[in-house]
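The values are calculated or read from the model by the stated rules, or taken from the named source; none is laboratory data. Please read these numbers as outputs of a predicted model, since none were measured by experiment. So basically every Cβ, Gly included, is an ideal-geometry build from the backbone, and we count neighbours across all protein chains shown. Keep in mind that these areas ignore ligands, DNA and RNA; they rest on the heavy atoms of the full protein, side chains included. Shrake-Rupley method; radii C 1.70, N 1.55, O 1.52, S 1.80 Å.
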Amino acid sequence: MSILVTGGAGYIGSHTCIELLNAGYEIVVVDNFYNSKKESLNRIAELSGKQFAFYECDIRDAEGMDKIFKNEKIDAVIHFAGLKAVGESCQKPVEYYDNNIGGTLTLCDVMRKNGCKKIVFSSSATVYGSNNISPLKETMQTGGTTNPYGTTKYMIEIILSDLFKSDEEWAISLLRYFNPIGAHKSGRIGEDPNGIPNNLMPFITQVAIGKRECLSVFGDDYDTPDGTGVRDYIHVVDLALGHIKALEKVLGGTGLDIYNLGTGTGYSVLDVVKAFEKASGVKVNYKIVDRRPGDIATCYSDPSKALEELGWKAERGIEEMCEDSWRWQSQNPNGY
Ligand code: NAD
Ligand code: WQD
């Protein structure tokens, strides 16, 4: 069974490649290294003890993608490739719509021309917008996204749903991730953001290693137990394992399914800081600043549908997430 992994050199993609190889799948990785390094591919091979095919290609390049489908026998696609920085998407909306939506359209077109109609897609909890009350369920209304990045995920969900309505031979899984953190236990692969991290955990680990002076906590006046924002942090290896379950489902039949991949538990910013300090033994310097525009107070999942239908549930707790994030950062202070 051969699985095409778009964006396989990136953070979640690289962890998923390892779990796919461990589970006995053959993989074909495509990435343009816009937000990743070739070294992550070497480490996937090192950790899995397996070799795999790789193509440096932009998923918007229809000819290049078609060649990959002609060269390899692809049974299904796990589609991670995309741009993901919320703030940047407000500065560069055209680039975000082009890459995320244009890339997905080209990919789907090449897939159907080559008779491959099975896809697992990286969606996001961001599609729930700001009006739903947590715990968030897959049946809740989506939309009302507050930035172009989030809107690309919302639109791609609609596009893939319309595709399925037009041709029920497709098997499509839309996975709504909550907040992935952590890293592979080995400390050899992990999240390697360019420049100043946008997300909480890489910012915390960079303060802890001395690359940044102080964490700015965005607001302590939310309606949450300690006033700071509450999120559903999920270990990236649990997330990767969720993809294996979703893949089994799309390989097993046709249909369109949507799953939350989260733990169902919310932690505040200060809970995460404390858990990280405990796990690493390092004090994290922080200060409270104004709220970040576009943030909501609380966001966590109801993950019960994935348990009932896929038999998947997140197993790793916040302490392990912090330990593994720290191992990756301390062993690779400058990333790959
Ligand atoms: P990442 O940036 O580490 O990985 C994405 C990969 O896709 C990178 O290696 C990048 O080089 C590649 N890529 C981007 N555009 C491409 C293109 N046009 N052609 C080929 N390759 C391209 O991001 P990640 O955190 O691993 O996220 C993976 C997916 O999950 C993304 O679609 C992201 O939007 C989604 N997601 C991420 C999070 C999160 O917090 N990390 C949460 C929800 C959803
Ligand atoms: C978490 C909490 C911040 C940084 C984003 C995207 C979402 C998804 C995951 C892709 C919030 C606080 C953060 C900092 C802070 N990505 N924070 N200081 O905003 O929940 O979700 O990433 O799909 O779409 O929006 O994640 O890690 O940025 O923030 O206080 O320096 O940490 O306010 O409460 P977020 P995050």
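Working note: Karplus 6.51/-1.76/1.60 with θ = phi - 60° gives the range 219-231 the couplings x, 10, 10, 7, 7, 9, x, 10, x, 9, x, 10, 9 Hz, where Gly and Pro are set to x. In the chain, the longest principal axis of the Cα atoms and the axis of helix 39-48 are about 80 degrees apart. Excluding ligands, DNA and RNA, the accessible surface per residue across the chain is 43 Å² with a 1.4 Å probe.
At full extension, residue 33 and residue 109 could sit 25.1 nm farther apart than now, given 0.36 nm per residue minus the alpha carbon distance. From its DSSP helices (H runs of at least four residues, each -39,500 (n - 2.57)), the chain gives a residue-normalised ellipticity at 222 nm of -12000 deg cm²/dmol.
Of all DSSP-defined beta bridges confined to the chain, some 5% are antiparallel rather than parallel.
Between rounded, prolate and oblate, where does the chain land on the alpha carbon gyration tensor, with a ≥ b ≥ c its root eigenvalues, rounded for a/c under 1.5, else prolate if a/b exceeds b/c? Taking the square roots of the gyration eigenvalues as a ≥ b ≥ c, the chain is prolate.
Out of all Cα-Cα pairs in the range 270-336, roughly what percent, to the nearest whole number, are more than 20 Å apart?
On the way: 1189 of 2211 pairs.
Of all Cα-Cα pairs in the range 270-336, 54 percent lie more than 20 Å apart.
Once both axes come from the Cα atoms, what is the angle between helix 269-280 and the longest principal axis of the chain, in degrees from 0 to 90, rounded to 10? The answer is roughly 90 degrees. Over 25 Å between Cα atoms, which of 50/245; 50/153; 249/313; 153/313; 92/274; 37/92 qualify? Those over the limit are 50/153; 92/274. With a Förster radius of 41 Å applied to the beta-carbon distance between residue 194 and residue 48, the computed FRET efficiency rounds to 0.95. Between the helical axis of 236-252 and the longest alpha-carbon principal axis of the chain there is an angle of about 20 degrees.
Compared with the direct C-alpha span, the chain from residue 288 to residue 185 gains 33.9 nm at full extension, assuming 0.36 nm per residue. Each of residue 313 and residue 72 was given a label point 7 Å from its Cα along the Cα-to-Cβ line. The distance between the two points is 3.4 nm.
Beta bridges from DSSP with both residues in the range 155-310: antiparallel share about 10 percent, rounded to the nearest 5.
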